[in-house]
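Some notes on the structure that comes next.
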Amino acid sequence: MATESFNPFRMAQAQFDAIAEQLGLDQATRDLLRNPDKEYHFNIPIRMDDGSYQVFRGFRVQHNDARGPNKGGIRFHPQETADTVRALAMWMTWKTSVVDIPLGGGKGGVICDPHNLSMREQEAICRGWIRQIAKSVGPLQDVPAPDVMTSGQHMLWMLDEYEKIMGAKYPGVITGKPVGTGGSLGRTEATGYGVVYTLREALKELDIDIENTKASFQGFGNVSQYAIELYHKYGGTAIAVSCWDNSQQKAFTFVNKSGIDLPALKAITNKYGEIDQDKAKELGYEILEADAWIEQDVDILVPGALENQINEDTVKRIKPSVKVIAEGANGPTTPEADAVLHDRGVWMIPDFLANAGGVTCSYFEQVQCNQNYFWSKDEVLSKLDRKMTDAYYAVSEMARKRNVYMRDAAYLISVARVAEACKLRGWV
Ligand code: GLU
């Protein structure tokens with residue numbers, strides 16, 4: 001979210017500028033890539049359940065499509081801003097590029113709080129959003145997907161409205177759909193599992209036995225829940241998770257030093273990843289302040305929800321025991337904090353690499369929709385593992401070869417690919 005002191009788009013541009021300099025990109029390429037190609041801002045008027053009318057603000061930002069149709073999620077969030085969506089759209093371009101899938105980058109959003117909206121009102125927002133943008137999205141143009149506080153159900157409402165407008169079936173226009181209505185098996189798990197595939201490889205490279213590691217997670221939504229599931233399967237121990245508490249309008253951290261019980265914790269968590277505090281106390285969890293997740297004595301930190309979590313202030317609280325950070329969220333670390341982590345030698349698996357599992361599986365979903373033939377979950381997940389593992393090693397090799405920070409290595413690979421595609425197309 002953009003606040004007075006933190007603007008994610010400025011951060012995304014600063015990261016890009018530094019890499020453009022290192023790559024020696026010409027001015028036209030820099031001008032092309034440091035701003036989105038196109039953006040749409042629009043009103044979504046809705047009749048509320050009580051008969052009143054409310055107008056919500058929607059966005060779609062298409063950053064770059066040199067490598068393929070724009071691709072990226074839609075967030076429903078009360079603090080959504082145009083600059084947040086711009087940053088996220090740019091990060092999507094780097095994300096699809098680093099895992100080398102034939103897609104570009106885009107992002108969408110609506111300023112709204114689903115906590116205060118009935119399902120019918122949310123459906124109306126979804127249908128209104130797609131009506132405003134229908135002519136500018138499509139399987140060969142721009143393909144939305146779920147993100148913060150949107151789900152497969154939201155995607156299906158959007159698909160349905162799009163197909164009504166177009167008068168034909170277009171299952172590839174949107175991904176993250178429920179299984180059975182054009183969705184892919186494994187899509188729900190994909191982002192969290194992808195984080196852990198890259199983490200697994202990082203630990204191997206660092207010669208750390210995953211079974212002897214402990215981790216702390218920020219956020220307990222789709223990304224963290226599935227990341228913890230796979231991390232536990234590999235023998236790791238998650239000891240802390242933080243999450244938002246909507247009734248108190250702030251976040252808390254839940255700690256169990258001997259390891260959290262994932263199924264038990266999920267059973268007392270709502271669909272937004274918010275854990276019931278009273279029930280967690282009964283289960284023996286220690287409940288601490290919001291940022292406590294960051295100062296746990298662990299080997300691994302996984303920021304898995306929103307941006308700006310590891311910043312100039314919070315970075316000081318990271319314990320010397322932390323060896324790896326796997327960024328499940330988009331933009332969780334500010335450049336100031338990044339510099340500190342770099343100096344400390346923390347092994348960083350940067351966001352647009354670590355959390356690329358979601359969009360990679362979205363790409364598989366499109367392929368399956370195009371073929372009208374759906375793969376088994378094992379097939380999806382083994383293809384996902386291969387893609388994530390290959391992308392991880394491409395980045396870590398670059399980091400070692402050029403002796404650069406992992407984030408810079410990921411940027412060097414992905415920006416170079418996008419710049420090359422723009423050049424080959426004759427745009428710059
Ligand atoms: N919203 C997810 C992301 O930030 C997935 C995007 C997609 O599947 O297109 O990567």
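We did not get these values from a lab; they are worked out from the coordinates using the rules stated. This is a predicted model, so every value here is computed, not measured. Backbone-built Cβ (ideal geometry, glycine too); neighbour counts: all protein chains shown.
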Using only Cα atoms, what is the ratio of the radius of gyration of segment 307-353 to 2.2 N^0.38 Å? 1.01
Considering only Ile101, Gln54, Ile44, whose Cα is most displaced toward the positive end of the charge dipole of the chain, charges sitting on Cβ of Lys, Arg (+1) and Asp, Glu (-1)? Ile101
Mind putting a number on the dipole of the chain about its Cα centre? Charges go on the C-beta only, +1 for Lys and Arg and -1 for Asp and Glu, and I need it in Debye to the nearest 20. 1140 debye
So what's the projected area for segment 121-212, the Cα convex hull averaged over all directions, in nm²? 8.0 nm²
Listed with the fewest Cβ neighbours within 10 Å leading, Thr253, Thr333 appear as Thr253, Thr333
Candidates Asp31, Asp147, Asp83; GNM for the chain (alpha-carbon contacts under 10 Å) flags as most fluctuating Asp31
Mind checking which of Gly128, His154, Gly180 is farthest towards the positive end of segment 87-231's charge dipole, using Cβ charges of +1 (Lys, Arg) and -1 (Asp, Glu) about the Cα centre? Gly128
Return the tail of the calculated pair distribution for segment 104-257, meaning the percent of Cα-Cα pairs more than 24 Å apart. 47 percent
Most exposed first by the Cβ proxy, i.e. fewest other Cβ within 10 Å, how do Met388, Met48 rank? Met48, Met388
Within segment 247-378, percent of DSSP bridges classed antiparallel, to nearest 5: 45 percent
Using the Kirkwood formula over every pair of different C-alpha atoms, what hydrodynamic radius in Å results for segment 351-397? 11.3 Å
Run through the DSSP bridge list for segment 194-283 and note the antiparallel percent, rounded to the nearest 5. 60 percent
Running Debye on segment 288-376 with equal point scatterers at the Cα sites and no solvent, what base-10 log of I(q)/I(0) appears at q = 0.11, 0.20, 0.21 Å⁻¹? -0.39, -0.86, -0.93
Taking the Cα centre of segment 35-85 as origin, work out the dipole magnitude from +1 charges on Lys and Arg Cβ and -1 charges on Asp and Glu Cβ, in debye rounded to 20. 180 debye
So how do Leu140, Leu384 line up by other beta-carbon neighbours within 10 Å, fewest first? Leu140, Leu384
Which three semi-axes in whole Å describe the equivalent ellipsoid of the chain, each the square root of 5 times a Cα gyration tensor eigenvalue, listed largest first? 30, 27, 21
Work from the charge dipole of the chain (Cβ charges, +1 for Lys and Arg, -1 for Asp and Glu, about the Cα centre) and give the residue of Ala416, Thr191, Met11 farthest towards its positive end. Ala416
To the nearest 0.05, the calculated FRET efficiency linking Glu211 and Tyr53 through their beta-carbon distance, R0 being 41 Å, is 0.15
In sequence order, calculated HN-Hα J values of segment 168-179 (Karplus, 6.51, -1.76, 1.60; Hz; x Gly/Pro): 7, 7, 9, x, x, 7, 8, 10, x, 6, x, 5
Sorted by packing (mean other beta-carbon atoms within 10 Å per residue), highest first, where do 211-219, 103-111 land? 103-111, 211-219
Helix-only estimate, please: 222 nm mean residue ellipticity of the chain, summing -39500 (n - 2.57) across DSSP H runs of length 4 or more and dividing by its residues, to the nearest 500. -14000 deg cm²/dmol
